[in-house]
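Notes for the one structure printed next.
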Amino acid sequence: MWINGLSLSFAAYVTAYTVATVGCLAAVPRALRVTDPDTRRGLVGLLAGSGGWAALELAFLVAPTPELQYAAYLLSLVVGLTTVGSWLYFTSAYTGRSLHRAAPYRRLAVGVYLTIVAVKVTNPLHGLYFQTVFVQTPFPHLTIQHQTFHWLVAGLSYALVAVGFFMLYEFCAEAEYDTRPLVALVGVTGLPVLLDIVGFTSDRLLDINYEPLGVVVFALGVLYVFDTTFLAVQLTDGVDDPIVYLDDTGRIREYNDLAASTFPALDGTVGERLGDALPNVERALDSDEQILEHAADGEVSYYLVSRTSFVLGQTNIGEMLVLSDVTEVERQRRELARQNEQLEGFAAAIRHELLNTLQTVNGRVEIAGRALSDGNVNRARESLQTASQSADHMADVVNKLARLAQHGQTVESTRQVELGDIAERALQSADLDDLTLVVEADGTLEADPPRLQTMLENAFRFAAHNGASSVSVAVTEGGFTITDDGQPPARDDPAPFFTYGQAIPDGQSGLPLPNLRLLAETHGWEPTIDTDYRDGFRVVVSGRTTIGRA
């Protein structure tokens, strides 16, 4: 069809190759911002070669004489061949391979290129590569009739290009997030091969090279539309951590598969602010330690949340959040912190007992001295005996703390035990004749039996010092309770009861509850005091303790 003397098909071809020329060359400055130098060189070479190739194909279409059309097409073959090498260089660098750096391959590539170019530029002499015929349809132009050598070179070129496609597809398939848009762009790059075939086998299309049209779509797509995906696939190769990408406004732009499986709340959050989708992650980012505590399926994991700017050259296009699994390290750190706190507690307890004992000993020795001065030998003897007993008590406290320290490590193995059985043995071991035990609700716990028994012994000793005549234990949904009929807590803040050296409610009971807390924490349990319970004193132990209740 002709309009005002202009063929629509001619206009379509001119427009397509003009867009390809301008698009490829316009994308070069943005490609120059790619951080990785090898990837940058390969991509720039691909764009420059494809842009020059498209420009020469355009010149072939619009040249006013057959001679100029012939020259333009011949030059397009020379320039177009460079894109094969650039494509392989780019795909090798982008996928993390080193083929583009291997000297033997580079020398072989240069040798093959020069040989093929020599055949092409001498085509006017031998005609082995292509021959031409001037035709009038669909518009006046010089049609190309490819010869044997062309098909040999085309076959080699397509095979090498296919190697690059394979490297990209394999790389994208192994990526830990949705790369379908990027794979589609790669597919578009190869689509012009079908147009080449149609142009050769039918009269529907001209028999010229359509490859630059695919390259411009690929270039504009990876550099402007899917730039985050394009860069992220390369940057995160080999990174087996959840990754979330944010745009420059702090909204979620993309995330990998591992992030989606670790944080199901991410599903459908593209475009949302991080704080709305993952508030815990945002809070971890703003904290000093940047540690995220994440619970899933009954297990607690810890992630170090780090952020880095996502840069294309000098342009900040967003942020990349990497959540590194530091569960083992964080557990060890917390265990070390707990043990340090435990040692500080032991030191406070020993210091507390030592000061009390020294005061008692000094006081009794002074009394004994005055009694001797007065000739009261019996009183002096009694005072010295009290001083000796106080010293023995101090030694006993130190020995108990030393034994307790042996149980201070986190429990590594547990077994199922009946709370009632352990409680009865604990009461016998504590040797508290005036205290009776009631098992209100028995059940099975997952615990270390010696530690659990020692823990209950301390609870019973506290009950005895607290004026209790009866103590009961009961398994609950979230753990178990230890309740006595002694003096209820007189304050709402339960923390001092569990702190060494606080001596609440008196010096005699200043150790049992801190000891109880220590042994509970070795199981991963949390003891608290029910300050709302006013019929006595109730300790509530919560955590993953209960297996079943009788």
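The values are calculated or read from the model by the stated rules, or taken from the named source; none is laboratory data. Keep in mind it's a predicted model, so treat the numbers as computed, not measured. Methodologically, a virtual Cβ is constructed for each residue, glycine included, from the backbone with ideal geometry; neighbour enumeration extends over all protein chains shown. Please note that ligands, DNA and RNA were not included when accessible areas were found on the heavy atoms of the full protein model with its side chains. Shrake-Rupley method; radii C 1.70, N 1.55, O 1.52, S 1.80 Å.
A few comments on the model shown:
- Residue that is farthest from the chain's Cα centre (by Cα), among those in region 105-153 that are of a type in the set (Phe, Trp, Tyr) and in a loop (DSSP other than H, G, I, E, B): 139
- Of all residue pairs spaced 6 or more apart or on separate chains, those with beta-carbon atoms under 8 Å, a first member in region 1-21 that is modelled with pLDDT of 85 or more and a second member that is hydroxyl-bearing (Ser, Thr, Tyr) are 20/50.
- Candidates are the residues of region 62-101 that are aliphatic (A, V, I, L, M), farther than 30 Å from residue 134 by Cβ and in contact with a Ser or Thr (Cβ under 9 Å, 6 or more places away or on another chain); the one that is most open to solvent (accessible area, probe 1.4 Å) is 99.
- When residues of region 346-374 are limited to those that are farther than 23 Å from residue 516 by Cβ and of a type in the set (Lys, Arg), the one modelled with the highest pLDDT: 370
- Residues located in region 467-480, provided they are open to solvent by 20 Å² or more (accessible area, probe 1.4 Å) and either closer than 23 Å to residue 431 by Cα or in a helix (DSSP H, G or I) (or both): 467, 469, 470
- Qualifying residue in region 202-210 (condition: more than 14 Å from residue 20 (Cβ to Cβ), among the aromatic types (Phe, Trp, Tyr) and either modelled with pLDDT of 70 or more or surrounded by fewer than 21 Cβ atoms within 10 Å (Cβ to Cβ) (or both)): no
- Inter-residue pairs, beta-carbon under 7 Å, first at positive phi and in region 366-384, second surrounded by 18 or more Cβ atoms within 10 Å (Cβ to Cβ) and modelled with pLDDT of 75 or more, 6+ apart: none
- Within region 259-274, considering residues that are open to solvent by 20 Å² or more (accessible area, probe 1.4 Å) and among the aliphatic types (A, V, I, L, M), the one farthest from residue 330 (Cα to Cα): 270
- Taking the conditions (1) out of contact with any helix residue (DSSP H, G or I) (no Cβ under 9 Å at 6 or more places or on another chain); (2) modelled with pLDDT under 80 in turn, residue 479 satisfies each one other than (2).
- Qualifying residue in region 395-407 (condition: modelled with pLDDT under 75 and not in a helix (DSSP H, G or I)): yes
- Subset of region 26-43 (residues that are surrounded by 15 or more Cβ atoms within 10 Å (Cβ to Cβ) and in a loop (DSSP other than H, G, I, E, B)): 34, 36
- Checked against the criterion of being open to solvent by 10 Å² or more (accessible area, probe 1.4 Å) and either among the aromatic types (Phe, Trp, Tyr) or at pLDDT 75 or above (or both), the candidates 195, 191 yield just one match: 195.
- Taking region 102-143 as the range and being in contact with a helix residue (DSSP H, G or I) (Cβ under 8 Å, 6 or more places away or on another chain), among the hydroxyl-bearing types (Ser, Thr, Tyr) and without any contact (Cβ under 8 Å) to a residue 60 or more places away in the chain as the test, the residues that pass are 105, 113, 129.
- Restricting attention to region 44-75, the residues being in a loop (DSSP other than H, G, I, E, B) and among the aliphatic types (A, V, I, L, M) number 1.
- Matching option when the condition is out of contact with any Cys (no Cβ under 7 Å at 6 or more places or on another chain), surrounded by 13 or more Cβ atoms within 10 Å (Cβ to Cβ), at pLDDT 80 or above and closer than 30 Å to residue 44 by Cα, among 326, 322, 311, 239: 322
- Checking each residue in region 106-125 for being surrounded by 15 or more Cβ atoms within 10 Å (Cβ to Cβ) and either within 20 Å of residue 39 (Cβ to Cβ) or among the polar types (S, T, N, Q) (or both) picks out 109, 123.
- Residue in region 275-305 that is nearest to the chain's Cα centre (by Cα), counting only those that are over 22 Å from residue 524 (Cβ atoms) and crowded, with 19+ Cβ neighbours inside 10 Å: 305
- Selection over region 64-98 of residues that are within 21 Å of residue 120 (Cα to Cα) and not hydrophobic (A, V, I, L, M, F, W, C) gives a count of 12.
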